[in-house]
Amino acid sequence: MAAARALARGVLLGSYSICRSRSLIFNSVQKRGIAACIDPSIGLTDEQKEFQKVAFDFAANEMAPHMAEWDQKEIFPVEAMRKAAQLGFGGIYVNPDVGGSGLSRLDTSIIFEALSTGCVSTTAYISIHNMCAWMIDTFGNNEQREKFCPDLCSMQKFASYCLTEPGSGSDAASLLTSANLKGDHYILNGSKAFISGGGDTDVYVVMCRTGGKGPKGISCLVVEKGTPGLSFGKKEKKVGWNSQPTRAVIFEDCAVPVTNRLGAEGEGFSIAMKGLNGGRINIASCSLGAAHASVLLARDHMCVRKQFGETLSNSQFLQFRLAEMATKLVASRLLLRQAAVALQEGRPDAVSLCSMAKLFVTDECFSICNQALQIHGGYGYLKDYAVQQYVRDIRVHQILEGTNEVMRMIIARSLLSES
């Protein structure tokens, strides 16, 4: 924490802005400011406010000016992410002894919310990379931690999380990718689907079947790029998340050393789920940043756009819409931060709260961004305006890291098991 504080104070802080894709709006905050009722710094410690400012500043200067280009040209912004890693964002909640920042889950959520205002897609990938680094740091032995974590925290190497398969999405425990022990190696066969970073990343945290059916037969292996038998499918064409490549990851008699197994055999599913609890907080934080940016864009548009002889800000109907958007934004932020604290503290309600936060925040923040687009009218549907990219980029957050239908199942199961 002391290192993070020193880092934050050593970086030039500035006001942040929201990108309107090809034309930047650097006056969004400077002219009108952020209303106190939606200020994301309310309730934070001085230290948290400092690295929040660092993240907002990085989003404004290193991400927002390129957000549209990365989307349209499908650029994986490696150098920009390595700059983020220099600020400690490559291993935010990884332990400092292997290069991480050692921050809390709440701190992490604050950072991802801020970064996401500059580019949701890139921030979402950084969040997945952080989750993989944390899994190795937490469940790996010292040799594994020292081998993988420093390069991941500096983002000299990038990581991908490999759980989903063509035939097992929500029913993750039914995965079929096999890992048969042969001497001091596992021989992997199978494929993973929808893998963020697939083909462009260096380290693959893979859930595979080393035992019988069900979750207890699953183990977790770290597979390095260049391993014989590892290959990749075509780059997928997506609605959003275009600054990160998505491919199938394919294993054909892929030999992975036993020394690359995280934890014991049969612990892989538990490791995967523990990673996803934090992943759900992270991805919801990315939705929150997009919604925060969209509220500001909608407000600013209402103040300048005229119809029927007056600005849209004079329409009581749109005033009410904006008020509803702001209320959903703050409610989302409060629930998300409560869930992050519960996860950090290891509370018994942590899993349910993470599921509630992921469900509520990703649903409501998509609604906020979609309403912001509607307020923009026809302009909102143009790629010159950032609001449409926020809508496209966060739509998938209701699907990945466990669909929102699965979140409802987890919450209901918790309620009924305690009745």
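The values are calculated or read from the model by the stated rules, or taken from the named source; none is laboratory data. Since we're looking at a predicted model, the values are computed, not measured. Note that each Cβ is placed from the backbone with ideal geometry, even for glycine, and that neighbours are counted across all protein chains shown. All accessible areas refer to the heavy atoms of the entire protein, side chains included, with ligands and DNA or RNA removed. Shrake-Rupley method; radii C 1.70, N 1.55, O 1.52, S 1.80 Å.
Taking every DSSP beta bridge that has both residues in the chain, what percent is antiparallel when rounded to the nearest 5? Provide the component values of the computation, followed by the final result.
On the way: 33 of 38 bridges.
In the chain, approximately 85 percent of DSSP beta bridges are antiparallel ones.
Could you look at the chain and say what percent of its accessible area is carbon and sulfur, using a 1.4 Å probe and all protein chains? Each step should come with its number before you reach the end.
Numbers: 9280 of 16980 Å².
In the chain, the share of accessible area belonging to carbon and sulfur is 55 percent.
Regarding the range 217-322, what's the average projected area of the Cα-atom convex hull, expressed in nm²?
Working: hull surface 43.7 nm².
For the Cα atoms of the range 217-322, the hull's average projected area reads 10.9 nm².
From the P(r) of the range 128-196, could you give the percentage of C-alpha pairs in the tail past 20 Å? Kindly include the intermediate steps, with their values, before the conclusion.
Details: 1071 of 2346 pairs.
Percentage above 20 Å: 46.
What's the percent breakdown of Cα-Cα distances in the range 323-397 across 5 Å bins, shortest bin first?
Whole-percent P(r) values from 0 Å outward: 3, 17, 21, 18, 16, 11, 7, 4, 2, 0.
Treat each spin label as a single point 7 Å out from the Cα along the C-beta direction, and report the Phe320 to Lys216 distance in nm.
5.7 nm
Relative contact order for the chain using alpha-carbon pairs under 8 Å, separation at least 6, rounded to a whole percent? Walk me through the numbers before you get to the answer.
Values: 816 pairs, mean separation 66.9, N = 419.
It comes to 16 percent, rounded to a whole number.
Tabulate in residue order the Karplus-calculated ³J(HN,Hα) for the range 34-40, using 6.51 cos²θ - 1.76 cosθ + 1.60 with θ = phi - 60°, rounded to whole Hz; enter x for Gly and Pro.
With coefficients 6.51, -1.76 and 1.60, one gets 9, 4, 4, 5, 10, 4, x Hz.
Rounded to the nearest 10 Å², what accessible area does Lys274 have for a 1.4 Å probe in the complete protein model?
100 Å²
Would you mind calculating the relative contact order of the range 259-337 from Cα pairs under 8 angstrom and at least 6 residues apart, reporting the percent as a whole number?
On the way: 29 pairs, mean separation 21.8, N = 79.
Relative contact order comes out at 28 percent.
With n ≥ 4 as the cut-off for DSSP H runs, can you work out [θ] at 222 nm for the chain, using -39500 (n - 2.57) per run divided by the number of residues, rounded to the nearest 500?
Here the helix-only value at 222 nm equals -16000 deg cm²/dmol.
Suppose R0 equals 30 Å; then what is the FRET efficiency for Ala35 and Tyr379 from their Cβ-Cβ distance, rounded to the nearest 0.05?
On the way: r = 23 Å, r/R0 = 0.77.
After rounding to 0.05, the efficiency reads 0.85.
For Gly266, what is the net charge nearby, where nearby means another residue's Cβ is under 14 Å from its Cβ and Lys, Arg count +1, Asp, Glu -1? Before the final figure, lay out each step's value.
On the way: positive: Arg209, Lys213, Lys216, Arg261; negative: Glu265, Glu267.
Local charge sum for Gly266: +2.
For the range 89-225, what is the relative contact order in percent, using Cα pairs closer than 8 Å and at least 6 residues apart in sequence?
Values: 226 pairs, mean separation 26.7, N = 137.
Once normalised by length, the contact order is 20 percent.
Looking at the range 310-419, which GluC sites (Glu not before Pro) are in a loop (DSSP not H, G, I, E or B) and have at most 16 other Cβ atoms within 10 Å?
Values: sites: Glu310, Glu324, Glu345, Glu364, Glu401, Glu405, Glu418; in loops: Glu401, Glu418.
Passing both the DSSP loop test and the Cβ count: Glu418.
Whole-Hz ³J(HN,Hα) for each residue in the range 188-197, computed from phi via Karplus 6.51 cos²θ - 1.76 cosθ + 1.60 with θ = phi - 60°, x for glycine and proline: what do you get?
Listing the rounded values in order: 8, 9, x, 8, 10, 10, 6, 8, 5, x Hz.
Which number comes out as Rg/Rh for the chain once both Rg and the Kirkwood Rh are worked out on C-alpha atoms? Before the final figure, lay out the partial values.
Values: Rg = 21.2 Å, Rh = 21.7 Å.
On the Cα set of the chain, Rg over Rh gives 0.98.
Give the accessible area for His376 in Å² (nearest 10); use a 1.4 Å probe, count only protein heavy atoms, and leave out ligands, DNA and RNA.
His376 exposes around 10 Å² with every protein chain in place.
Based on the Cβ-Cβ distance from Glu345 to Lys306, what FRET efficiency comes out when R0 is 45 Å, to the nearest 0.05? All intermediate terms of the calculation are to be shown ahead of the outcome.
On the way: r = 51 Å, r/R0 = 1.13.
About 0.35, to the nearest 0.05.
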